[in-house]
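The values are calculated or read from the model by the stated rules, or taken from the named source; none is laboratory data. Note that the structure is a prediction, hence the values are computed from the model and not measured. Don't worry about glycine lacking a Cβ; one is built from the backbone with ideal geometry, like all the others, and counts go over all protein chains shown.
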Amino acid sequence: MAAIAAVSSAGLLLSACSKADDSSDDTTKSAGANAATKEVVNASTKKGGTVTYASSDAPESLDPGNMYYAYGFNFSRLYARPLMTFKPGPGEKGNELVPDLAEAAGVPSDGGKTWTYKIRQGVKFEDGTVVTSKDVKYAVERSNFARDVLSSGPNYFQQLLDGGDKYKGPYKDKSEKGIASIETPDDNTIVFKLNKPFADFDFLASQPQTAPVPRAKDTGVDYTKKVVSTGSYKFEKYDEGRQIVLTRNPEWDAKTDPLRKQYPDKIVVNLKVNKATIDKDVMAGDTMIDIQGTGVDAQTQAQLVNDKDKLANTDNALGGRLIYTAINTQQKPFDNVECRKAVQYAINKVAVQTAMGGPIRGDIASTVLPTDVPGYEKYDLYATKGNKGDEAKAKEHLKACGQEKGFKTAISARTDRQGEVDAATAIVGALKKVGIDAEIKQFPSGKYFSDYAGVPKFNKKQNIGLIMMQWGSDWPTGYGFLQQIVHGKAIGQSGNTNLSELNDPEINKLLDDAIGNTDEAARTAAYTQVDKKVMEQAAIVPLTYFKVLLYRSPYATNVVSSSAFSGQYDYLNIGTTKQ
Amino acid sequence: MISYIIRRTIAAVILLLVVTAVTFGIFFILPKLAGQTADQLAQQYIGKNPTPADIAAVKANLGLDQPVYVQYWEFIKGIVSGATYDLGPTTVQCNAPCFGYSFKDHLEVWPQLTQRLPVTLSLAVGAAVLWLLGGIAAGVVSALKPGSFFDRSAMGVALAGVSLPMFFTGQLALLLFSYKLEIFGRTYVPFTENPSQWANTLFLPWCSLALLYSAIYARLTRSGMLETMNEDFIRTARAKGLRERKVVVRHGLRAALTPLVTVFGMDIGLLLGGAVITETVFSLHGIGEYAVQSITTNDLPPILGVTLLAAFFVVFMNLVVDLLYATIDPRVRLS
Amino acid sequence: MTELSKTGAAVGEPVRSGDAPDAFLEVRDLKVHFPTDDGLVKSVDGLSFQLEKGKTLGIVGESGSGKSVTSLAIMGLHRLGARGKNVRMSGEIWLDGKELVSASPDEVRRLRGREMAMIFQDPLSAMHPYYTVGNQIVEAYRVHHDVDKKTARRRAVELLDRVGIPEPHKRVNAYPHEFSGGMRQRAMIAMALVNNPELLIADEPTTALDVTVQAQILDLIRDLQKEFGSAVIIITHDLGVVAEIADDILVMYGGRCVERGPVDDIFYQPQHPYTWGLLGSMPRIDREQTDRLIPVKGQPPSLINVPSGCAFNPRCPYADVPKDNVTRTERPELREVGGRHFTACHLSQEDRTRIWNEEIAPKL
C-alpha cells in the first residue's frame, strides 16, 4: 500500500514528468518503480540471448510505409532506418531527435520550405546493396501516394510536398522520375520541397516512411511479408498473425550507426496472445515486455499495486497524451464563453480521475499540452480547491451566460472504453449540481470519429455539447499536438479531431507562424501561448495527463520508457540477461 | 446412396450461398440502414485524417464502390475460379478457392484459414475424445445406479461443468497448472513438429472444453440409458441369459448412444467453425480467434471466410451424421 | 403387514414349504411386492400352482392382475435393472428341482434362455432394432452353447425354418423391422426355442397380431410343444386364446388366484363370478353380433389398497348374496370344488350352481 501512496502523491504534485522519488528499496536487482522513466534500467553491453515480446494483436503491417501505431514506429527501427529518429532516453529525454540514416539533421532553406538531408555513406540493405537517396525517395512516394493499397500510415508528405495533390504515386505513375518535389541530386543527397514552411519537418523525417525501400523488391501490400532490412536486425521469419522472428543483420555496420547496438542474437514477437497471458508471462520472465505498450490489464494492475516487489518492475509512464472534454463552441449555449467557463469550474477533476482508474491512470491536468510535450508550462486558469470543482463560481458564470436556470445538453463517450464512460458519468454528476442537465450518449470507438463525435452535423443534431476525448500527437512538439485539435483548418466534416470546432484567427495565426519559424525556442514559446489562448477560450477541459502502467521483465537490459513513443519502452537496444 | 449424397451436396451448396448472402447482407445492409456510408466503412482502414481522395482510392481498391450484389458476385467468383489482386507495383493471382484479402492487415484469407484449421481441429478432436470417454462413462454409471451417491455427485459436477464459464475454468486451469505448477506449456506446437509438446500445450484447453461438453454428454447419456434400459428389447436380452454387462454395452449403450451421434456431429461441426472462447482464453490461433478479431475490426473478407467455413462444417457434419445414422440404425432410410 | 424376506420363508406358510416337489414347475405362495412412494404395490400376493412337462397352463386376467409379473418372477427378470433393487419377493419357485427365489442371480441367469425361455407380447419392441434377426438368435444360442458363429448361424436358420419362415437363409440377415408382425413373432419363437427350453412362457403372444395370424401362432406353439415336450405357460387377458391350447387355466385377480382348474371345468363349470365375467367378454364366432362382448364392469383393483374381504367385491354383482357382509370383511380361501378345480369365493356351492345355470350360462 505504501507504494500506491507514493505513486498517487507523486501524481497529485503535478510535478513535471514525476520527479517523485519512489521510496522503494533497491536492494534487489529490480530497478524500482518508475526507474525507466528517469534512467536507463539495467544498462548493459552484454550480447546474446533472445529477447521475446508479445502482443495481444497482430500489427496491421510490418511495412514501414504502411503503419501508424506508435509501437510499430518504435519497433520498425530495428529493421528500417528512417532519416531521423528518437534517441533512446528515459521520459522526456526520449523526445530528442537525432540523425539516423541521415548524417545530420535536415538543413532548412527557403524559409523552411526546403529541407535537405545527406545520407550516411556505407549503409547497406540486408542483401548488400548500398542504400541511396533514391530508395528514400521511393519509400516516401509509395507510402504517401499509393493510398489505395498502402492506406494505413499517415500522409503528411502528401499534404506538404509541392505538387503532392497531383502526383499519383509510383504504382500508377510508372515513370522513373517520380514526384518532382523530392530531388535526389546525387546518391547521398535528398531534398524535399514543400508547399509551405514547416519547421517540424525533422519529425516527419523520423517516421518509418523515410526508411529506404528498394524499388525492385517492393511488392506493395505484400511487402510486409518480406521487408528488406537496413537496421541491425532482419526478418528470419514472419509467420503471419503468429510470430515475428528477427535475427542479426550481417550487412548492418556499427560504424554507420551511432544508435543501434545489436545486443541480443534474436528478437521474437509472439502475436495475438491473450492479454492476461502476456501479463503473466512478463511477470514470469518468459516475455520481456508487452510490445503494444498500452499498459497492463486492469486485473494485473490490481494485483501489482498490492505487491511491492513486482511494483518495482513497473513504470507508471506519461505518454504525451491528454484526456479531456471538448466543449463544442458551435453548440448553443456553449457558443457563449461564459457557459464554457461554467463547465470548467463545475467539473470535479478528482472524481473524474477516480472514475478513470485513479492516479495510476493519469495525473490531474490543467493545460492542453501534456507535461512531457515541449511548450508545456504549468498554470491553472480555472483552479478550484483541491481540483474538486467550484459550484459557486460555475453558477456565477452561468449567470453571466444568461443561463442561471441551467440547460440541457449531451455528452458523448466511447461505449467500449469503460473508463471514459465512467468519467463522463462523473462529469454529468458534477454538472447536475450547477443545473446543467447532460445526457450521456455512447458510441463505439471504431466509428467514434468517422460516424459520430467526429461529424459536426451529427453533434448538432444530437445536441452534443461536450465530447470525451483522448489525444496524443504523432510527434512530440506543440504543433504536432495542437494543430489537429485547435486549428480552424483541422475542422472536418467527418473524422474531425478539432472537436471544439474552435476557429480562432489568433490561435490559427500563432500556429501557422510557429511552424514556419525555424527558431525552435520561439516556436516553443508560441505553443505555450496557444495553450493559454485555448484555455482562455475555455474550449477544452483538460482532465488528466494520461499514464500507463508498464511492466518490464527484470531480465531486460537497457530499458527506457520514452515519451516519444507514448511512454513505451524504446525497443532499439533492449537486451536480455537470460540465456 | 450416391444420388442421395449428390442431392445433399447440392442442397448444401445452396445453403452455403444463402449463408454468405446473409452475411453480406448483415455486413453491408444493416450499417446502411443505420446510416453508415461506404466512405465511413473505407475510412476505418485508413490512418488518421484521410483526404477524400484517399477514401475514394481505398474504396475502389477494396471494391466498396461497387453495388453490394456486384461485390457478392466477385466474392463467389473468387471462390470458384480465383481472383486477381492489385498489390500496388504488381498484381497477384489468388487461386481458387480465393476468399480474398483482409481489409485490415492485407493478408490473404484462405491461407489464414488453412493455417488455423489444424489448431482448431486439434482442439476439437482432442477435447471430443476426452468428453466422449468421460461423459459417456459417467452417464452410463449414473444411469445404472440412479439416485446413488455416484449418480448424484456426477450429475452435480455435470451441472457445475455446464454452468461454469470457460473464462473462469480456463483461466483458473492456466494459472494453476501452467503458471504456478508449470506442468503445461502455453505455446502451441503443431503435432507434426513435436507430438508430445502438442499434447502438452493442448491438454488444458482440451480438459476445459471437455469439462463443459462431458457435462452435457453425461446428462444426455444418463437420460438416454435410463430410457433404453426400460425398453422391451433389454428385457429380451436379459431373458436370453446374457450377462448384465453385455446387456448394458451391447444392447443398452448401442441404442442409447445413437441419438448422441446427432448431437456429437453438430457439436464437432460447430467447434470446427471455431471454439471462440477457448481459443481466446488459451491464446490458440484457431478459427474462432480469427472470427473474433475480424468481427472487432469490421474486416469483411475474413468474416465471410470464417462464416463460410463454419457453415460448411456444420452442413458437412450434418451430412456425415445422416450417413452414419443410416449405417447405425437400419430402420433409417436415406431418401 | 407380513414381513417378507428374499429367501422365501414367508410367515404362515404350509408345512410343505422347503421340500422339492414332484411337479416340474411348482410355484408356492409367491409374493412379489414393489415398495413405492405411494405405498407397497402387491403385484402378486400369494400365488401357487404346478405345471408338468408337456402340459400347458393358461394364466388369464386383466392387465394389472399380476399375470405378467408372475412370469417375470419365474424368469428372474424382476431383480435386474434399475428397479430390481426395489423388488421384494418371497415364496418358492421350483423348476425341475431347483428353487429360484433363493438362488443367486447368476444361477438364475444361467437357467434363463436355456431351461426357461420367454416370448413377449410385441415382437417389434422386444427385438433389438439395430441387430439382424439372425444375429439376435445366434446371440441367444451362444450364451449357452460354446460354439462358433457359423454353427450358431446354422442353428438359427434351422429354427427359422422350423417356425415357418420362408427362405430362412436369406431372412436370417433381415432386421426385425423388415418382417411382418406374424413373421416377427415366429422369429421371436425361434429365438426362444433355440436352446430347447423345458419351460416356455408366452406373454400375450398374439395380442399385437391380427386375428388370422393369431391362430397360426397358437397352432405353431402347440405343435412345437408337442415336438419339444416342454411345459408352456400362456399369459393372456383373453380366455379365447387359451381355450384350445391350455390343459389348465388359472384366473388371476388383484394379484391372487381366484379360480384354477382343468380347461373344461373352467369353460363349462366356472365357479367364480369374475370367471363368468371373463367368459362373457370372450369373443365367439358362434355368437350373435348384437350382444357379444360384455366386459366386466368397473375398474381393476388398486394393488396398493386392495379392497378388504374379497378383492372382487366392489365389482361383483353377487357380493350381497352371502350373509353378514362376509364378502367385504373376510378374504375367501382357495377351496377345491371338484377334482383339481379350485376357487376363492364366498358364494355357497348351491348359489354358484344356481346363478351359473340360471343367469349366466343362458346368456353366453
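Summary table below
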quantity: Residues of segment A:356-376 that turn out to be assigned to a loop (DSSP other than H, G, I, E, B) and more than 17 Å from the chain's Cα centre (by Cα), as a count; calculated: 6
quantity: Looking only at segment A:302-338, and only at residues there that are modelled with pLDDT of 90 or more and among the β-branched types (Val, Ile, Thr), the one that is farthest from A:Glu501 (Cα to Cα); calculated: A:Thr314
quantity: Residues that are among the small types (Gly, Ala, Ser) and either assigned to a loop (DSSP other than H, G, I, E, B) or at pLDDT 85 or above (or both), drawn from segment B:59-110; calculated: B:Gly63, B:Gly78, B:Ser81, B:Gly82, B:Ala83, B:Gly88, B:Ala96, B:Gly100, B:Ser102
quantity: Filter pass, C:Tyr131 being aromatic (Phe, Trp, Tyr), within 11 Å of chain B (Cβ to nearest Cβ) and either farther than 21 Å from C:Ser230 by Cα or in a loop (DSSP other than H, G, I, E, B) (or both); calculated: yes
quantity: Filter result (closer than 27 Å to C:Trp94 by Cα, assigned to a loop (DSSP other than H, G, I, E, B) and at the interface with another protein chain (Cβ under 9 Å from one of its Cβ atoms)) within segment C:111-128; calculated: C:Gly113, C:Arg114, C:Phe120, C:Gln121
quantity: Yes/no for B:Leu15 being under 28 Å from the mean Cα position of the chain (by Cα), within 12 Å of chain A (Cβ to nearest Cβ) and assigned to a helix (DSSP H, G or I); calculated: no
quantity: Pair list, Cβ < 8 Å and 6+ apart or interchain, from segment A:157-179 residues that are of a type in the set (Lys, Arg) to residues that are buried (at least 20 other Cβ atoms within 10 Å of the Cβ) and not in a loop (DSSP other than H, G, I, E, B); calculated: A:Lys168/A:Phe145
quantity: Answer from C:His177, C:His272 - the residue that is touching a Leu at 6+ places or on another chain (Cβ under 9 Å) and within 14 Å of chain B (Cβ to nearest Cβ); calculated: C:His177
quantity: Identity of the residue in segment A:150-162, in contact with a helix residue (DSSP H, G or I) (Cβ under 6 Å, 6 or more places away or on another chain) and surrounded by fewer than 24 Cβ atoms within 10 Å (Cβ to Cβ), that ends up farthest from the other protein chains (Cβ to nearest Cβ); calculated: A:Tyr156
quantity: Number of positions in segment B:156-172 that are modelled with pLDDT under 85 and either crowded, with 19+ Cβ neighbours inside 10 Å or closer than 24 Å to B:Val248 by Cβ (or both); calculated: 7
quantity: Some residue of segment B:308-320 being within 14 Å of another protein chain (Cβ to nearest Cβ), buried (at least 17 other Cβ atoms within 10 Å of the Cβ) and either of a type outside the set (Val, Ile, Thr) or without any contact (Cβ under 8 Å) to a residue 60 or more places away in the chain (or both); calculated: no
quantity: Among (1) surrounded by fewer than 19 Cβ atoms within 10 Å (Cβ to Cβ); (2) touching a helix residue (DSSP H, G or I) at 6+ places or on another chain (Cβ under 6 Å); (3) in a loop (DSSP other than H, G, I, E, B), the one test that A:Gly402 misses; calculated: (2)
quantity: Conditions (1) assigned by TED's automatic domain parsing to the domain that holds C:Phe228; (2) closer than 17 Å to C:Glu198 by Cα; (3) part of a helix (DSSP H, G or I): number failed by C:Trp94; calculated: (3)
quantity: Among (1) within 14 Å of chain B (Cβ to nearest Cβ); (2) not in a helix (DSSP H, G or I) - the single one C:Val147 does not satisfy; calculated: (1)
quantity: Among (1) more than 30 Å from A:Val41 (Cβ to Cβ); (2) in contact with a strand residue (DSSP E or B) (Cβ under 6 Å, 6 or more places away or on another chain) - the single one A:Asp100 does not satisfy; calculated: (1)
quantity: Residue list for segment A:437-473, restricted to those being of a type in the set (Gly, Ala, Ser), more than 10 Å from every other protein chain (Cβ to nearest Cβ) and assigned to a loop (DSSP other than H, G, I, E, B); calculated: A:Ala453, A:Ser473
quantity: Scan of segment B:57-92 for residues that are more than 18 Å from A:Lys226 (Cα to Cα), loosely packed, with under 13 Cβ neighbours inside 10 Å and within 14 Å of chain A (Cβ to nearest Cβ), ordered by number; calculated: B:Thr84
quantity: Where A:Gln243 falls short, out of the listed (1) at positive phi; (2) polar (S, T, N, Q); (3) in contact with a Leu (Cβ under 9 Å, 6 or more places away or on another chain); calculated: (1)
quantity: Positions within segment A:190-230 being out of contact with any strand residue (DSSP E or B) (no Cβ under 9 Å at 6 or more places or on another chain) and farther than 20 Å from A:Arg147 by Cβ, in sequence order; calculated: A:Lys196, A:Asp200, A:Pro214, A:Ala216, A:Lys217
quantity: Identity of the residue in segment A:511-549, part of a loop (DSSP other than H, G, I, E, B) and at pLDDT below 95, that ends up surrounded by the fewest Cβ atoms within 10 Å (Cβ to Cβ); calculated: A:Asp519
quantity: Yes/no for B:Arg235 being surrounded by fewer than 18 Cβ atoms within 10 Å (Cβ to Cβ) and more than 30 Å from B:Ala310 (Cβ to Cβ); calculated: no
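Conditions tested, residue by residue: (1) at pLDDT below 90; (2) touching a Gly at 6+ places or on another chain (Cβ under 8 Å).
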{"site": "C:Gly91", "(1), (2)": "no, yes"}
{"site": "C:Trp94", "(1), (2)": "no, no"}
{"site": "C:Gly113", "(1), (2)": "no, yes"}
{"site": "C:Tyr131", "(1), (2)": "no, no"}
{"site": "C:Val138", "(1), (2)": "no, no"}
{"site": "C:Gly182", "(1), (2)": "yes, no"}
{"site": "C:Pro197", "(1), (2)": "no, yes"}
